[in-house]
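Notes to accompany the following structure.
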Amino acid sequence: MEFKRFFTPKEAERALPLVRQIVSDILDTAKKIRDLDSSNGELRRLQGVLQKLLLELEDLGCFYKDWNYTAGLVDFPSIVNGETVFLCWRSDENELGWFHSLDEGYAGRKPLPKSL
């Protein structure tokens with residue numbers, strides 16, 4: 001798997017204000033989509049807005065991982081103890097404090113080592 005960039009925990013923390021705003025917009029847009037009548041012409045426009053927001057996160061180098069659009073999960077590629085991992089942040093968390101291996105996902109989250 002190739003990544004645009006790798007984040008240190010400090011870099012990911014610095015990106016959180018912008019990521020937090022984008023994720024808030026993603027969750028708001030997804031809620032509007034869920035609330036629409038499927039025949040509503042607004043649906044296509046909102047789907048385009050949602051796609052642009054997801055691409056905005058990818059342009060920053062991180063990935064949206066919550067396809068139910070309820071928790072606002074974002075992964076930041078990183079290296080922890082010599083291993084390529086994802087720093088993992090959820091929209092209801094105040095700071096970045098978790099990571100998981102590339103193949104474990106959210107269920108495999110572990111606290112970030114204090115030494116990073």
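Every number in this text was worked out from the coordinates using simple rules, so none of it is lab data. Note that the structure is predicted; figures quoted are calculated from it, not measured. Cβ sites come from the backbone with ideal geometry, for glycine too, and all protein chains shown count toward neighbours.
Restricting to the range 57-116, and then to whatever is of a type in the set (D, E, K, R) and assigned to a strand (DSSP E or B), can you tell me which residue is farthest from T29 (Cα to Cα)?
Filtering first and then ranking leaves E83.
How many residues, within the range 80-116, are touching a residue at least 60 places away in the same chain (Cβ under 8 Å) and either hydrophobic (A, V, I, L, M, F, W, C) or touching a Gly at 6+ places or on another chain (Cβ under 6 Å) (or both)?
Matching residues across the range 80-116 total 7.
Could you please let me know if P77 is out of contact with any Asp or Glu (no Cβ under 7 Å at 6 or more places or on another chain) and either surrounded by 12 or more Cβ atoms within 10 Å (Cβ to Cβ) or in contact (Cβ under 8 Å) with a residue 60 or more places away in the chain (or both)? Break it down stepwise before answering.
Values: out of contact with any Asp or Glu (no Cβ under 7 Å at 6 or more places or on another chain): yes; either surrounded by 12 or more Cβ atoms within 10 Å (Cβ to Cβ) or in contact (Cβ under 8 Å) with a residue 60 or more places away in the chain (or both): yes.
Yes.
Just to be sure I understand, how many residues within the range 72-85 are among the hydrophobic types (A, V, I, L, M, F, W, C) and closer than 17 Å to V23 by Cα?
Kept after step one, since they are among the hydrophobic types (A, V, I, L, M, F, W, C), are these residues of the range 72-85: 73-74, 76, 79-80, 85.
Applying the additional criterion that residues be closer than 17 Å to V23 by Cα yields 73-74, 76.
Qualifying residue count for the region: 3.
Can you tell me which residue in the range 62-85 is nearest to the chain's Cα centre (by Cα), limited to those that are of a type outside the set (F, W, Y) and at positive phi?
By that ranking, first place goes to G72.
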